[in-house]
Amino acid sequence: MSLLDAIKYSVVQGHIDSSSKFPKDMEGKDGVHELTQQAIDSGISVEDILTQGLIPAMSIVGKRYEKNEIFVPEMLFSAKAMKSGLELIKPFLTEDSDLILGTVIIGTVQGDLHDIGKNLVCMMLEGAGFQIEDLGINVTAQKFLEAAKNNPDAIIGMSALLTVTMKNMKGVIDLLRANDLDNKVFIGGAPVTPAFAEEIGALGYAKNANQAVREAKRLLGVAA
Ligand code: B1M
């Protein structure tokens, strides 16, 4: 099995590192943490590690969950395993930049605890030269409002992974506008579409972390 396939397999299995006892049959074996480090050391690009190892693994996890082959606890192990790989990749995505292009206030909307994609977006934005104010997960409209009041020039990014929580994005935009704040908003997350963005008055939509950088630059009028 190639290193990238081994990373993918270990994320799917939820095997974080060699000291983790889950799953039982992988105990003592290298996990996502060690395998990602080996991939970096052997010169595999972080982009390949992400797009051929870590990210597709989470799609497999999602499909297995849908088919009731795994349940929330297993999904959580996979999420932790994914994060242990992302931690190692982060320094390569966020090289020091002297130039700050602008500030992005970002968060996963209220009711939603998914943050892997949002964190990846943060890393890419930081790497591209944006200053990030990460409000975290389960962020209320009020919290977005307070952050926007303190930084009226910032653009606002919202993430949602659940069809039920993506609706809360509209509440944030409505609250901003009701308070006469015109921060530009862009949104993303698996269930979000460009049509939905348009419907709720978000000026930008991004399908993935690379596109998020492009959208943030576009909204700030910075050359891509
Ligand atoms: Co959840 N979960 N989950 N989950 N989970 C999904 C989203 C689901 C699709 C699984 C499935 O059924 N196939 C499903 C949602 C169904 C729906 O609403 N349509 C689901 C469900 C149902 C649930 C629970 C309700 C399960 C339960 O408790 N019964 C529960 C909800 C908890 C809550 O939020 N209130 C739940 C819980 C969890 C865990 C906590 C176990 C864990 C999250 C851990 C964490 O994030 N810290 C988890 C996970 C891991 C997933 C899956 C398997 C993987 C998500 C992920 O990390 N993907 C997911 C299935 C799937 O997505 N295939 C699933 C990898 C990540 C890199 O991609 O997040 O899409 P993604 O981000 C991408 C783009 O979307 C985009 O760029 C990113 C990078 O390319 N993007 C943006 C994201 N945000 C952006 C913002 C932007 C721009 C782009 O601008 C601001």
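The values are calculated or read from the model by the stated rules, or taken from the named source; none is laboratory data. Computed from a prediction, not measured in an experiment: that's the story for all the values here. No Cβ is skipped: glycine too gets one built from the backbone with ideal geometry, and neighbour counts run over all protein chains shown. Only protein heavy atoms, including side chains, enter the accessible area calculation; ligands, DNA and RNA are left aside. Shrake-Rupley method; radii C 1.70, N 1.55, O 1.52, S 1.80 Å.
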Worksheet, complete the sentence: Residue by residue through region 134-145, the couplings from Karplus 6.51 cos²θ - 1.76 cosθ + 1.60 with θ = phi - 60°, in Hz, x for Gly and Pro, are 8, 7, x, 10, 6, 8, 6, 4, 4, 5, 4, 4
Item to complete: Express in Å², to the nearest 10, the accessible area of E27 obtained by rolling a 1.4 Å probe over the protein heavy atoms while all chains stay in place.
Response: 80
Discussion item. Ignoring ligands, DNA and RNA, please state the percent of accessible area on the chain from carbon and sulfur, probe 1.4 Å.
Written reply: 53
Item to complete: Heads up, I need the accessible area for Y65: 1.4 angstrom probe, whole protein in place, Å², nearest 10.
Response: 90
Discussion item. If I model a spin label as a point 7 Å beyond the Cα along the Cα-Cβ vector, how far apart are those points for N138 and Q38 in nm?
Written reply: 3.7
Discussion item. Only Cα pairs within less than 10 Å get springs; with that Gaussian network setup on the chain, which residue of I16, I100, I156 has the largest fluctuation?
Written reply: I100
Worksheet item: Given the protein chains as shown and a 1.4 Å probe, how many square angstrom of K167 are accessible, to the nearest 10?
Response: 130
Discussion item. Quick check: the distance between the Cα centres of region 180-224 and region 56-119, to the nearest angstrom?
Written reply: 19
Practice prompt. Net charge near D153: determine it from the other residues with C-beta under 14 Å of the C-beta of D153, scoring Lys and Arg +1 and Asp and Glu -1.
Written response: 0
Practice prompt. Of the listed pairs K90/K170; K21/K90; K143/K217; K167/K207, which have alpha-carbon separations greater than 20 Å here?
Written response: K90/K170; K21/K90; K143/K217
Response to the item:
Descending accessible area (1.4 Å probe), largest on the left, turns T193, T163 into T163, T193
Worksheet item: Counting Lys and Arg as +1 and Asp and Glu as -1, what is the net charge of the other residues whose Cβ lies under 12 Å from the Cβ of I16?
Response: -1
Worksheet entry | At q = 0.08, 0.11, 0.18 Å⁻¹, base-10 log of I(q)/I(0) for the chain (Debye sum, equal scatterers on each alpha carbon) | -0.31, -0.57, -1.25
Fill in: Which of H15, H33 is most accessible, then next, and so on - probe 1.4 Å
H33, H15
Item to complete: Kindly sort F130, F22 by accessible area of their heavy atoms, largest first, with the probe set to 1.4 Å.
Response: F22, F130
